[in-house]
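Please treat every number below as a calculation from the coordinates, not as lab data. Note that the structure is predicted; figures quoted are calculated from it, not measured. With ideal geometry, Cβ positions are generated from the backbone for all residues, glycine too; neighbour counts draw on all protein chains shown.
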Amino acid sequence: MSSAQSATIQFYKGGSLDSSSPSDTLEKILTTWSDRTLEARHDYIQHLFPLPERSPVNPDAPVITKEVRDAFLDPESQSAVLREGLQKAFGRMCRFYGFVLDESQGTIAKASNSDERAPDSWLTTVDHNHLRITRIIRCMRILGLQTPARRFLIALLKTDTNQFCSKTSVTFWCRAALWELSKPPSYPRENIVKWLEREEDKEGSGGLDGKEEAEEIRQLAEKRGVKV
């Protein structure tokens, strides 16, 4: 595995964002960064939740390769540690958005401060956090946490009872949650990920977990007039 390919693995094993931020480790980000810092900084989300597509905002950030995905999914390797780190990162971002993740049960509920956090972060027509949410959902599915990713979207849609979030944003979220893993939500503007398509052919499209959640997402999307 090359250094570029292993950047995500190294980060989730205790490394830093990059050489210019040696103290910004996963542990520090998750335990000491405030909501204000998470909102203001734009150089960490691509490390916490990488994608196969390179980020136009942070083009030097690592991307998911087949080797990285295998490391997260392989039960015979370090995957348990890596996925535990990913779940903790997800839990922190849930709190940032006004939700509480029960890691043992995999359930997501509104936090006591949801009425404050949601409008300050994502419960609005258009916001850069909408792009982050798309990234989080897609990353988690690719790296083996499909059911929590879909439950996250369900929590978002059920919270947005007044449909503040734009139809475009919700469409991208639903695509990230339901489309084939190899197809970016922005397809055809971005190309299908060929290596991931080959993996899907071997594994089945997205696996079997989260089927009930997928159906609930489709129903919630239909109520909003969103076609996936």
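Calculated [222 nm] ellipticity per residue, helices only, for the chain: -15500 deg cm²/dmol; basis is -39500 (n - 2.57) per DSSP H run with n ≥ 4, divided by all residues, nearest 500.
The modelled label-to-label distance between K167 and S19, using points 7 Å beyond Cα along the C-beta direction, is 4.9 nm.
Arranged from fewest to most other beta-carbon atoms within 10 Å of their beta carbon, H42, H130, H47 become H42, H130, H47. Compared with the alpha-carbon gap, the fully stretched path from E180 to K66 is longer by 39.5 nm at 0.36 nm per residue.
Taking other residues whose beta carbon is less than 14 angstrom from the beta carbon of V226, and scoring Lys, Arg as +1 and Asp, Glu as -1, yields +3. Can you classify segment 20-126 as rounded, prolate or oblate using the Cα gyration tensor, where a ≥ b ≥ c are the square roots of its eigenvalues, rounded means a/c under 1.5, and otherwise it's prolate if a/b beats b/c and oblate if not? Taking the square roots of the gyration eigenvalues as a ≥ b ≥ c, segment 20-126 is oblate.
If you bin all the Cα-Cα distances of the chain at 10 Å, starting from zero, the percentages per bin are 8, 34, 39, 17, 1. Cross-link partners of K202 among aspartates and glutamates, defined as those whose alpha carbon lies under 14 angstrom from its own and excluding same-chain residues fewer than eight positions apart: D70, E180.
Extension gain for D115 to E84 (0.36 nm times residue separation, less C-alpha to C-alpha distance): 8.3 nm.
Using a cutoff of 8 angstrom between alpha carbon atoms and counting only pairs six or more residues apart, the relative contact order for segment 7-223 works out to 15 percent.
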